[in-house]
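The values are calculated or read from the model by the stated rules, or taken from the named source; none is laboratory data. For clarity, every value in this text was computed on a predicted model and none was experimentally measured. When we count neighbours, we look across all protein chains shown, and the Cβ atoms used for this are built from the backbone with ideal geometry, even at glycine. Just the protein is used for accessible areas: all its heavy atoms, side chains included, with ligands, DNA and RNA removed. Shrake-Rupley method; radii C 1.70, N 1.55, O 1.52, S 1.80 Å.
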Amino acid sequence: SAASDVYKRQSLPFSDQGTNLGMGDDWDVAGGDGEDYAYTFYVFEDMTITVDLCSPITDYDAKLEVFTADELCVYTSTGYYNDDGPFGTCPDSPAPFTPSLLESIMLTEGVYYIVVDGFGGDTGNFEISVTEAEFMSIVRK
């Protein structure tokens, strides 16, 4: 089942280390996929988050996609997907391509699934961090 490798996390910031090796292909991630690892993310009020795989731990061509599900547990992509982060922005990672980065993901109240996959079925180790984006508000007086 798609929930077999899902961990529940409710507070930010959040980070974790894992692998998609041996996890099965439960999620139909964009652009060709393979074995994946998913995190359940509960949103209680509208928020904007950043999901980042930049780390010395991330050692393969990983990719990220965020899904949601309806009341019948039918999974749907939110459209938030990234294969490679901006070139050169993560020199600490031994991965062959810059690890995935999703910035300014706007989520409304609900349940989401953050899925770590591999490009073209690639597998390896990753470190994920999820943070709430912070915005400055400028008030003119």
Quiz item: So which GluC sites (Glu not before Pro) in segment 62-141 end up in coil per DSSP with only 10 or fewer other C-beta atoms within 10 Å?
Solution: 71, 109, 134
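Report the percentage of all Cα-Cα pairs in the chain whose separation exceeds 26 Å, rounded to a whole percent.
Tail of P(r) above 26 Å: 20 percent of Cα pairs.
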Exercise. Return the single residue from 24, 118, 34 with maximal mean-square fluctuation; model: Gaussian network over the chain, springs between Cα atoms under 10 Å.
Key: 24
Exercise. Could you list, by residue number, the cysteines of the chain that have no other cysteine's beta carbon within less than 4.7 Å of their beta carbon?
Key: 73
Practice problem: Taking the Cα centre of segment 29-141 as origin, work out the dipole magnitude from +1 charges on Lys and Arg Cβ and -1 charges on Asp and Glu Cβ, in debye rounded to 20. | Solution: 480
Self-check item: Inter-label distance for residue 133 and residue 106, nm, one decimal - labels placed 7 Å from Cα along Cα-to-Cβ
Solution: 0.8
Quiz item: For segment 1-128, which whole percent of the accessible surface, found with a 1.4 angstrom probe, sits on carbon and sulfur atoms?
Solution: 52
Practice problem: Output the relative contact order of the chain, whole-number percent, from Cα pairs under 8 angstrom with separation of 6+ residues. | Solution: 38
Exercise. Mind checking segment 50-141 for chymotrypsin sites (Phe, Trp or Tyr not before Pro) that DSSP puts in a loop (not H, G, I, E or B) and that have at most 13 other Cβ atoms within 10 Å?
Key: 87, 135
